Structures are given as structure tokens and as C-alpha cells.
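Engineer: What follows is a single structure, and I will ask about it in a moment.
A short reminder: the numbers here are calculations on the coordinates, not readings from a lab. These numbers were taken from a predicted model, which means no experiment stands behind them. Positions of Cβ are backbone-derived with ideal geometry, glycine not excepted, and every protein chain shown enters the neighbour counts.
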Amino acid sequence: MSSKKHWSPGSDVAVQSVERSESGGWIVFGVLAPNGICPDCGLHSRRRHGWRRRRLQDYPAHGGEVTVDLAICRRRCQASACPRRTFSDQIASIAHPFARRTSRVGEIVSHLGHAAGGRPAERLLHRLGLGLSDDTVLRQLKRCAHGAAESPTVIGIDDWSWRKSQTYGTIIVDLERRVVIDILEDRDVVTCTNWLKRHPEVEVISRDRCGLYAQAARQGAPQAKQVADRFHIVQNLRQAIEEQMNLHGRATGRALLSDADNLAAAGSLLKSRLAHRTSREEIFATIHALRNQGLSCSEIGRRTGFPRRSIAKWLQFETPPDRRRAALKPTSPWYFEEFLSQSWKEGTRTGSALFRLIQERGYEGSQSHLQRLLAGWRRAEQQGSRPKVEHKILKPIRDPETGHAISPVIAAALCIKPRGKLTPDQARKVDALKAGSPAFATMRSLAMRFNGILRSRQADPLPAWIDNAIETDLAPIVRFARTLNRDFDAVKNAIEMPWSNGQAEGQVNRLKTLKRAMYGRAGPELLRARMLPFRHTD
Ligand SMILES: [Zn+2]
């Protein structure tokens, strides 16, 4: 029967006959072409031992299910040294060992599962004449989930929530190839560190400003450059401006620390930095002067008390080498100041609770160290509650045209918007804000400079910007500048490198959609299978 040729489950199968099955589908009887290679010793065997039948689900035909009934030769291995007595011919070209359907059906099933999820895929497949349960679809899909084939060099790390503000997972994105590389079940320094250790090829890590991923990157991928997220930096600046603008006409907008405290702290920081810089410049000048008198390095060393090698190094430069900023380390609770202050505002105030929370984020210091920081805040708050240090409340600033007070949120958004992008209405508000609030004018000029730095992709003016921001004496701006300083290298990279975490955030949105479409019942393995790009491995 010539029509038999059209029923081909694969090149190695000779079709013998096709029959209707009792259920209305088709059964294709075929014989697998003999190959006779023993899987253990690899030698060829001609001795037939018997036959074995295998049933495989194949592409449907005419709306009916198709089952391939395959006769497979069983052979006896003739090699005397081989431990195997008998073996069946392999059918790798058609199906995996132990599979119940042909590979080509398996591929369709996992494609549909990847795109649509278990239940919808089950319905579609049923309609196409492939009766399978949703469990089978998901099992097939999980089997096909693999990590990225190419090793990633530029990655973005972000978190996503299993249950909002309760449990979190981690998503890792290849920023160059724009694909998800992995989904981690939790948001944990150890898990992330281990993942990074398994990927020593990573060169750049873009992460949000949550200390946890920074910590994991330091431990797991010390070779990689860290990049802070530009979007979040700008957002934090906007929030700082908003906080400052809250002072206008808001009785409740008291700062967490009394402003006096904040300013004192900032002032001393600034002074110490300036002092340090001056003294370095003086030393540098002295060394060069002594050199000009013709003294040797060792002689200069004896006179100034510096090691000879440092002097030799310094003499190579025209100006003092820029000292690497002393970045705060995760052993200091100040490293987590931003997070702590947020939790403090939300009412978590016991040392032990906060200790646990920052430990989860990578804090390596002691609880008593944290308590000292908190004690400062408690003191500041008690002082704040005394009537004599009453907060001054400024008059709200009104839009001259409408007479409405301009809200701090609007003011902050306008503050960071370049003039070229303002509508006439907005420009009018900005002018009113500048006239009514010297703080706004200062912050606007800072914000415009910051925009300029971000746009120019040159981080050189950033240290000066940080100094000037600290000099403003506006508590929220000072705090913002201090956080920038703390994360200086990552911020610098964010300005100078093209990478940002925007993609990771986009993928988090996709993940949320998938998670909801599966009614929140998907486990990590399934989420991972559906988030990772689909790659069939045959
Ligand atoms: Zn053998």
C-alpha cells in the first residue's frame, strides 16, 4: 500500500500497516531499522534475541489520536567481556528512552506549556487531538527548562514577591541578550552568593540599592563591577526633595532625626573630608618640595615619616592621587541607614527586630553597634518632642494663577524636570516655587546639575556635587548625598556605564503576570520553566 509512506513517525521506521483503533484514532504499526549497537560496549551484534513492542503517541491525524506501535529488535551482546547480555535497539531519533510520546510531540507540548501554562495547553492540545493532562504538560515543560546556554557577562539582579511584602524571590537577567537567566526561590545573600560563585564569568552586576544584592555581589563575584540602578537614584532624589517640601504647611512632616542632629552629623562629615583633603595636599606639596631640593626618596621618608615606597609613588603624580572614598562596609549599621530609617518610620523600633531585618540584608556587625545608632535616634526623637525645639512650619506655596497650594509631590516632580520639558503651566509653578522657597531654588539647581551629570555620563563632577549637596544643610538632601557617597563606586558605574536594571524590572512584571495567570499556585520550578526562554534540546 503506497499510502503507508505518508505515515512516517521518523526516518528509521518502516511502516507496515495503519489501522483504526477502537477509540476512533489510528494505530501505525512499524519496525525500527536495526542498528544493533550495544549501549554498554559499543560493539555491533547480529544475534537476534527477540522482539519488543513500544507504543508512542505521535502527531494526530484527521482529528484522531495517532499511536505508533513500534517493533524493536532485542539482541544478545556477543562481546564476552561485556556485562550486558541483551539489549534493545535505540530509538533516540524518534523518542527519549522511557518516553510515552515521540520527541516531536513532546516539543509541541512543551512549547504550548511554555506559552500558555498547564490548563490552557491541555485544552488546546485536546482540541488538536492530543489527549494529555495538564500535569503531563507541566512535567514535560519542566524537563525542558534549562539555564542560558551562553555564559552571561552582564547581569541584572532584582527581587520579586511571592506574597507581597512577605516572601521574595530573585530574578537574574542577562542584560546583553535580554533574557531571563534564572529564577531563585528566595531573596537571600547566601543563595545569591552561591549563584554568582557558579558564574565566575560575570563582569558587571546591575542591582537595585538594596544592600543585600550588593553584599552578595561582593562575596560571590568580587571580580564584577557593581552598577546601582539609575532610575532608583533619581527616584530617591525626588523623594528627598519631596520630604524637604513637606515642611511647607505640613504640621506632621517632622523629620526623623531633628534637623540639628542631621546637620551636625553632616557638618562633621564634610569637615573631616575637607580636612583630610587639605592635609593630603599639604603632604604632597612638601614631598615634591623636598624632591626639588634634590633629596632621595629615603631621605624624604626620614624627614616626613612616610614609607619610602609611598613617596616614590606620590612623586610620579603631578597632583595628589584621588583617594578612593572610604565606603561604608556592611559591618556598620550605617550602611543600612536608609532601610533602618524606613522601618523606624513604619514602627519597627526594637533593636532585636531591626537587627534580624538587617541581618537578612547582609549586616555583618554586632547588635550593640546597631543599638548605638538607634540610641542616637531615640535621643533625637525625645528632643524633638520637647516643645522648645518645635519644628518651624513654612507657608504653603501657591500657584499664582489658581491659588491652589502646590503639593510636595508635585513640587518634587517639577523640581527634577528640565526647563525644556516644562509646559507653560508647570514653568509658572516652578517660578512660584523658586520665589517662595529658597530651599526649592537650591534643590532645583542641584537637581539640574545631577541630571547633567547623569546625561553627560561623566562621574567626575559627582564628588563636588555630593559636597555641595551636603553644604545645603537641607536634611533630606544631605541624607541623600550621604547614601550616594556610601555607594559611590556603584553610582559612578551607573553614570558611566550603559547598563540599568530597567529590563529586570520589565521581566518582574512578566513574572507577576505569569504567576497570577497560574492563580498563584505555581511552584518555583514551574515559574522558572516558564520565565526562562524556551529552548528545545533535541
Ligand atoms: Zn555489549
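Engineer: Give the cross-link partners of K429 among the aspartates and glutamates, using a straight C-alpha distance below 14 Å as the criterion and excluding same-chain residues fewer than 8 apart.
Structural biologist: Counting by Cα, and skipping residues close in sequence, K429 has these aspartates and glutamates nearby: D399, E401.
Engineer: Shifting gears a bit: Using helices alone, I'd like the mean residue ellipticity at 222 nm for the chain: each DSSP H run of four-plus residues gives -39500 (n - 2.57), total over residue count, nearest 500. Let's see the in-between values first.
Structural biologist: Numbers: 20 runs with 253 residues, N = 538.
After summing the helix terms and dividing by residue count, I get -15000 deg cm²/dmol.
Engineer: Something else: Antiparallel DSSP bridges in the chain: what percent, to the nearest 5?
Structural biologist: Beta bridges within the chain, antiparallel portion: roughly 70 percent.
Engineer: Which aspartates and glutamates, on any chain, are close to K225 with Cα under 14 Å apart, when same-chain ones fewer than 8 places away are left out?
Structural biologist: Straight-line reach from K225, under 14 Å: E201, E203, D208, D487, D489, E496.
Engineer: How far is the Cα center of segment 77-107 from the Cα center of segment 196-215, in Å?
Structural biologist: About 43 Å separates the Cα centre of segment 77-107 from the one of segment 196-215.
Engineer: At 1.002 mPa s and 20 °C, plugging the Kirkwood radius over alpha-carbon pairs of segment 2-143 into Stokes-Einstein gives what diffusion coefficient in µm²/s?
Structural biologist: For the chosen part, D equals 130 µm²/s.
Engineer: With 22 Å as the limit, write out which pairs from K197/K515; K421/K512; K142/K515; K313/K492 have Cα-Cα distances beyond it, or answer none.
Structural biologist: Pairs exceeding the cut-off: K197/K515; K421/K512; K313/K492.
Engineer: Right, something else. Relative contact order, percent, of the chain when contacts are C-alpha pairs under 8 Å separated by at least 6 residues? Don't jump to the answer; show the numbers that get you there.
Structural biologist: On the way: 781 pairs, mean separation 84.1, N = 538.
Here the relative contact order equals 16 percent.
Engineer: How big is the Kirkwood radius of the chain, worked out from every pair of different alpha carbons and given in Å to one decimal? Could you put the intermediate results ahead of the total?
Structural biologist: Values: mean 1/r = 0.0341 Å⁻¹.
Over the chain, the inverse of the mean reciprocal pair distance is 29.3 Å.
Engineer: Percent antiparallel among DSSP beta bridges with both residues in segment 2-143, to the nearest 5? List each step's numbers first, then the result.
Structural biologist: Values: 22 of 29 bridges.
Roughly 75 percent of the beta bridges in segment 2-143 run antiparallel, per DSSP.
Engineer: With the contact rule set at Cα under 8 Å and sequence spacing of 6 or more, what percent relative contact order holds for segment 83-236?
Structural biologist: Working: 202 pairs, mean separation 21.8, N = 154.
So the answer I get is 14 percent.
Engineer: Restricting to Cα pairs below 8 Å that are 6+ residues apart, what does the relative contact order work out to for segment 2-143? Please round to a whole percent. Each step should come with its number before you reach the end.
Structural biologist: Values: 262 pairs, mean separation 27.1, N = 142.
Relative contact order of segment 2-143: 19 percent.
Engineer: Within the chain, which DSSP H helices have Cα atoms that stretch 20 Å or more along the helix axis and a mean Kyte-Doolittle hydropathy of at least -0.5?
Structural biologist: Going by DSSP H runs, the hits are 259-292, 438-456.
Engineer: Moving to a separate point now. Which of I410, I171, I155 has the fewest other C-beta atoms within 10 Å, and how do the rest follow up to the most?
Structural biologist: I410, I171, I155
Engineer: Once you put a point 7 Å from the Cα of R48 and another 7 Å from the Cα of V409, both along the Cβ direction, what distance in nm separates them?
Structural biologist: Result: 8.1 nm between the two label points.
Engineer: Only Lys, Arg, Asp and Glu count, each charged at its Cβ (+1, +1, -1, -1), so figure out the dipole size of segment 2-143 about its Cα centre, rounded to 20 debye. Working shown, then result.
Structural biologist: Values: 24 positive and 12 negative charges, 123 e Å.
Dipole size: approximately 580 debye.
Engineer: Let's see if you can work this out: charge +1 on each Lys and Arg Cβ, -1 on each Asp and Glu Cβ, no other charges. What is the dipole magnitude of the chain about its Cα centre, in debye to the nearest 20?
Structural biologist: 880 debye
Engineer: Between D69 and E185, what is the spin-label point distance in nm, taking each point 7 Å from the Cα along the Cα→C-beta axis?
Structural biologist: 4.5 nm
Engineer: State the answer as a single residue: which of A494, I477, S368 lies farthest towards the positive end of the charge dipole of the chain, with beta carbon charges of +1 for Lys and Arg and -1 for Asp and Glu, about the Cα centre.
Structural biologist: Value computed over the given set: S368.
Engineer: Would you list M245, M531 from fewest to most Cβ contacts within 10 Å?
Structural biologist: Listing M245, M531 from fewest to most nearby Cβ atoms yields M531, M245.
Engineer: To continue, here is another question. What nm distance separates the two modelled labels at R372 and R449, each placed 7 Å from Cα along Cα→Cβ?
Structural biologist: 3.3 nm
Engineer: So if R0 is 30 Å, what FRET efficiency would S151 and T350 give, r being the distance between their Cβ atoms, rounded to the nearest 0.05?
Structural biologist: 0.10
Engineer: Of G131, W7, F29, which is farthest towards the positive pole of segment 2-143's charge dipole, taken about the Cα centre with +1 and -1 on the beta-carbons of Lys, Arg and Asp, Glu respectively?
Structural biologist: Checked the options; the winner is F29.
Engineer: Could you line up V190, V508 from fewest to most neighbouring Cβ atoms inside 10 Å?
Structural biologist: Going from least to most buried by this count: V190, V508.
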